[in-house]
Each structure stands twice: as structure tokens, then as C-alpha cells.
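Below is one structure, written out as C-alpha cells; comments come after it.
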């Protein structure tokens, strides 16, 4: 495989750190030596292999035709920034990275940091760590189109836990290049364990390897497909070393998805806010529009959150309650109809159940409600808006048409009577209607668009639907707020979201349902947890 460029790193000795840092019998360095030998034996050009070794024993002068160097920060930085993919002999179409040594976690960085041997203890309570950030490095590679196939095999973790980098320590990161990602690159990353989880040196391998992961990588090189194919390696690594964790083309950037999961309520809602606020302003001008036909007035008190999934509607309502439906505006509070009447019930029972729920949620005076005068009960409301929302258990079906019409007639009657009585309140009660996700297969029967039953003039159809849509640029804004340091150069993360939404390029994604985004994040986060 004359077109393979490889960076092989084995770090077992840390001259200026305590003796407890040294890897017994130089096993992590022996991992790197064995990987190099296996690559050359399989056909890799030794001139295209950069081998960096730090070991207590004397470093070999030559390994299968490769002259090893020390993996210090300066040497790594020079290779990554100035030689890799730029100068002969380190030019090719496939890139392979193997690293075995101590990793660490840092309080402000969500990635594996590989500690180089020129780190040191500056004083008793302070250490200086020179580190290669795996995510930062592979992000550079994602923008190097000449390497269309890339494999990362990382046997570096935070072990033991007390070695984690703290706020008292200094971290000097090896500088990498900031490149625009390319969508044509296939990149896979294989870790000996979940990132930042223990993967200790076993010391039991008869070959002197650090653990079974290193041995599994060497087996892949010797026996797997050549040139290396990520899918083949994925199966072989898992078979030999079940603790292997795959990312990139074989799985999501799971660590980041757990962070997205915790912050998925923060999706940009600027457009939704503007649309809801526009409708609220119309509802708040009740007194100024008293001469308007009540047949039209009722429409301004109804907002349709079209095509929302149940989870999506909950998220949107949570957001609206925090930003728009505040106590200052919605003095009467926010109420939700507990359940859309079950379809197996007869029509009369369903209607009675729904109207009863609406009545209960709308009225403050339970005695008036019990007497049946819902209009008087609504008229007695405190001078502030009351929000009631109904989630249609959808998609909306034919048997729901009568129920929706009954709900609308009930609402029209309340608004018409309140108008007739001349109730002087700042604004009327407001009802929101949500529909469960109507996404369907091409061969599925057509769904009923419930919006045709009401308020065609309140919001244009496109605006109604946009209440549940997030555009690609909104996703980028959201990611920028979550990704460390606002760095959007996270190709696997972006490509995972884009791929799940039907596009490979996040920038080009048109508006998509927010529920789908939540579904993607939840699923990827679930994979991380399990």
C-alpha cells in the first residue's frame, strides 16, 4: 500500500513526571513498534511512516526501515502543521493514525488529550502538560481532501482517575491547522475504551503489548482487508477487543451528543418567537377591534402549532412559557388538555370529554363552571391572558373531524358571547392546538390537515408550519453555542445530524421539523449512555 501515510506514536516514558507515570516494560512504545512492523510487512512504504517513540530502554535506531524520533510537542507540531499532506514523502490518499500512551481529561475540554513526554512538574502543586487533542487533530484531517480515507486507532485514556488535569495545571495544546471540512472524506475513529474511561495497561500479553486493543489493531493490519477498510476493521476490532468504541463513519460523536442532549432546549427559537408574538399582539388589541365581526375575532385567539410531535410540543411550550407566556402577560397561567379523547369511544362521549376538559381549564370560578355558564366563567377571568392548549393525538384522522368542529363551535360561542357582553379585559383567552408529527411514508394514506378547519387568515400557511421548523443556519447557531469554544469544525457531529436529516451538508439543510432534530440528538445520546 504505497499510498498510505501513517503517524504512529508510542509513549511509555515521561522523564520529568513522577515514576508512577512510566508504563511498565515500555509496553505502549512496544505497541507502536509492532504496529509499524506490521504495516511495513503488509506493504506500507516505510518512508511514509512517521514513528515517534518515548521509552525508558534505548530507542531503536531503525524499525522496519523507519527511523523513530521523540514524540515531543515541537516535533509533533512540525509534522502535523508543515509535513503531513504537504511534503514528500508524507503525501498519499489514505491516512492512518495509531497512538498508545497516557491520555487525560481537562476540566474545560471535552476530548481525549494525549500527553507528550516533554510534560513536566513545574512545582509541587503545579504541572505543565503538553498535549495532542485527538478531536482537534482529526478535525484538521477532515479538511485534508487528499486523504480520502482516514483511520484513527487510539489507545489513550484517563487512567488512573487522579491523573485528570485540574484547574491548577497548565495545558499547552499542540497546534493543528484550521481547515474547512470536506464532505468527501471517510473518517473512522477506534478507541480502546469510551473516551476518557480507563483502559489500563494489562501487562499480561505474551507479545509485550499494553493490552488487547493494541494486539487487535495489529491483527487487523496483518489479516484484515488491504488497503484498510473501516467496516472490516470495526468488526475485527470488536471481535478481538470487545471494549472497542467506534466513532466517525461507524457511529456518532457520542460524547458531544450527550452535551447536546443536555442543551436541546436551547435550539434557536427566534423565528417562532416572532410568529407567536405577532399573534399575541392581535389578541391583545381586543378593545380596539370591538367593532369587528365576532365571527372573525375568534380566529385571532387561536394559534396552530402545526405538525408538532409530542416531545416537540412539550419543548416548545416550555420555551414559550419561559420567554413569551410569562406571568406578566399570561396572568391566568398555562393549562394543557390532559388527553385527546380516545378514538375507540363513541363520538358523543369523545365530544363531552373534550368540552369538559376545555371548560375546566378555561374557568377560574369552579362554581360557575358547575352551573354550566362557561361564558360567564370566562367573563369573570382576571384581566390577563389565559393559555389553554390542546394536543391532537395524531396524525389527525377522519374520525377527528367532528371533534375538531365541535371544539371550534364551542370556542366560537364563547368568544361571540364575550364580545356581545362587552367584556373589557386586555385580551381574551388563547387556545393553542398541537398536532402529532404527520411525517409519513410515500405509500401511507393521505393525512388530514386540521388547519383547514380554522383560522386561515391568522397566519399564512408557511408561517404556521414554520412554528415547528428549524433551518440549517439555526442549527449552526445552536451548535456554536454548545460546541467547546464555539468551534464548528466538528465534521462527524455535523455530518451525523445532516445525514439523519437527509443531507450530507449541514449548511444546505432546508427547514426541518424540530422534532426530528430532537429525535436525532436523543438517539445519539442514548448510544453514548449505553
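The values are calculated or read from the model by the stated rules, or taken from the named source; none is laboratory data. All figures in this text were calculated on a predicted structure; none of them were measured in a lab. Backbone-built Cβ (ideal geometry, glycine too); neighbour counts: all protein chains shown.
Collect the residues in region 8-53 that are closer than 22 Å to residue 85 by Cα, in contact (Cβ under 8 Å) with a residue 60 or more places away in the chain and buried (at least 24 other Cβ atoms within 10 Å of the Cβ), keeping them in residue-number order.
The answer is 8, 9, 10, 32, 35, 39.
Quick one: which helices (runs of 4 or more DSSP H) lie wholly within region 265-330 and hold at least 1 residues that are at pLDDT 70 or above, surrounded by fewer than 20 Cβ atoms within 10 Å (Cβ to Cβ) and in contact with a strand residue (DSSP E or B) (Cβ under 9 Å, 6 or more places away or on another chain)?
Fully inside region 265-330 and qualifying: 270-284, 310-323.
Checking the conditions here, which among 141, 151 is closer than 28 Å to residue 242 by Cβ, in the same structural domain as residue 31 (by TED's automatic domain parsing), at pLDDT 85 or above and assigned to a strand (DSSP E or B)? I'd like the intermediate steps shown before the answer.
Numbers: 141 fails: assigned to a strand (DSSP E or B).
That would be 151, the only listed residue that is closer than 28 Å to residue 242 by Cβ, in the same structural domain as residue 31 (by TED's automatic domain parsing), at pLDDT 85 or above and assigned to a strand (DSSP E or B).
With (1) buried (at least 19 other Cβ atoms within 10 Å of the Cβ); (2) without any contact (Cβ under 8 Å) to a residue 24 or more places away in the chain; (3) within 19 Å of residue 405 (Cβ to Cβ) as the list, and residue 363 as the residue in question, which single condition is left unmet?
So residue 363 meets the others, but not (3).
So residue 375 fits all but one of (1) at pLDDT below 80; (2) closer than 19 Å to residue 349 by Cα; (3) touching a helix residue (DSSP H, G or I) at 6+ places or on another chain (Cβ under 6 Å); (4) assigned to a helix (DSSP H, G or I); what number is the exception?
Here residue 375 clears every test but (2).
Of all residues in region 238-264 being in a helix (DSSP H, G or I) and closer than 13 Å to residue 135 by Cβ, which is modelled with the lowest pLDDT?
Restricting attention to region 238-264, the residues satisfying the condition of being in a helix (DSSP H, G or I) are 238-240, 254-262, 264.
Cutting the leftovers down to closer than 13 Å to residue 135 by Cβ gives us 254-256, 259.
Details: 254: 55, 255: 62, 256: 70, 259: 73.
Among those that are in a helix (DSSP H, G or I) and closer than 13 Å to residue 135 by Cβ, it is 254.
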